[in-house]
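Below is one structure, written out as structure tokens; the observations come after it.
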Amino acid sequence: MDENAVIEAVCAYLTQNGYEVEQRLHTTQQGIDIIARQASSGQRLYIEAKGATSSIEGSARFGKGFTASQVYDRVSKGIYAGLRLRAAHPDRAREDVGLAFPDTPQFRKLLEPVSKQLSDASLAVFLASPDGHVTRL
């Protein structure tokens, strides 16, 4: 599941849960991957997404799952990007920040042990499965 598929699944989940997606980027674009606004409260949600395979056709990892060290790299960079988003959007009453990853055993192995710390930092974690189902860690 590449980053684009994670973004699509999370955007569908957010729409089903009362959010209006204002921005959805693809892997070739720079910026915040997902920006959504909750229709009822106006609260904004900023999400950094990461995938489990390359989305670049012709690359060595296209269509192949990342190795354990590559997953570690994706999770580490995702958490750092999420913390930077939180620093840029510190108003916890009006701004939420989240991370989105594929729902795989490798990603869960790295995220579950630090889920309380991510929550303490006000970083929501969304896990997307290949069938489009999204759960919150």
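Points to keep in mind about this one:
- Leading residue at positive end of dipole, region 1-47 (Cβ point charges), from THR28, ALA12, SER40: SER40
- Relative contact order for the chain, counting Cα pairs under 8 Å that sit 6 or more residues apart, in percent: 25 percent
- Of VAL75, VAL114, VAL125, the residue with the greatest mean-square motion in the GNM of the chain, using alpha carbon springs below 10 Å, is VAL114.
- Accessible surface for the chain, divided over its residues, is 53 Å² per residue with a 1.4 Å probe.
- Value in Å of the Kirkwood radius, where region 71-124 supplies the Cα pairs that are averaged: 11.5 Å
- Each Lys and Arg Cβ is given +1 and each Asp and Glu Cβ -1; about its Cα centre, the chain then shows a dipole of about 340 debye.
- A viscosity of 1.002 mPa s and a temperature of 20 °C, combined with the Kirkwood radius over Cα pairs in Stokes-Einstein, give a translational diffusion coefficient for the chain of 144 µm²/s.
- Within region 26-42: backbone nitrogen closer than 18 Å to the ARG136 label point (7 Å, Cα to C-beta): 34-42
- Angle in degrees between helix 3-16 and the longest Cα principal axis of the chain, rounded to the nearest 10: 30 degrees
- List LEU85, LEU137, ordered by accessible area with a 1.4 Å probe, largest first: LEU137, LEU85
- Within the accessible surface of the chain, defined with a 1.4 Å probe on protein heavy atoms only, the carbon and sulfur portion equals 50 percent.
- In region 1-130, the DSSP beta bridges split such that about 45 percent are antiparallel, to the nearest 5.
- Acute angle (nearest 10 degrees) that the helix 68-88 long axis makes with the longest principal axis of the chain, alpha-carbon atoms: 20 degrees
- Distance-filtered residues of region 103-133 - backbone nitrogen under 13 Å, label point 7 angstrom along GLN16 Cα→Cβ: 127-133
The values are calculated or read from the model by the stated rules, or taken from the named source; none is laboratory data. For clarity, every value in this text was computed on a predicted model and none was experimentally measured. FYI the Cβ positions are ideal-geometry reconstructions off the backbone, even for glycines, and counts take in every protein chain you see. For the accessible areas, the whole protein counts, side chains as well, though only heavy atoms, and no ligand, DNA or RNA atoms are used. Shrake-Rupley method; radii C 1.70, N 1.55, O 1.52, S 1.80 Å.
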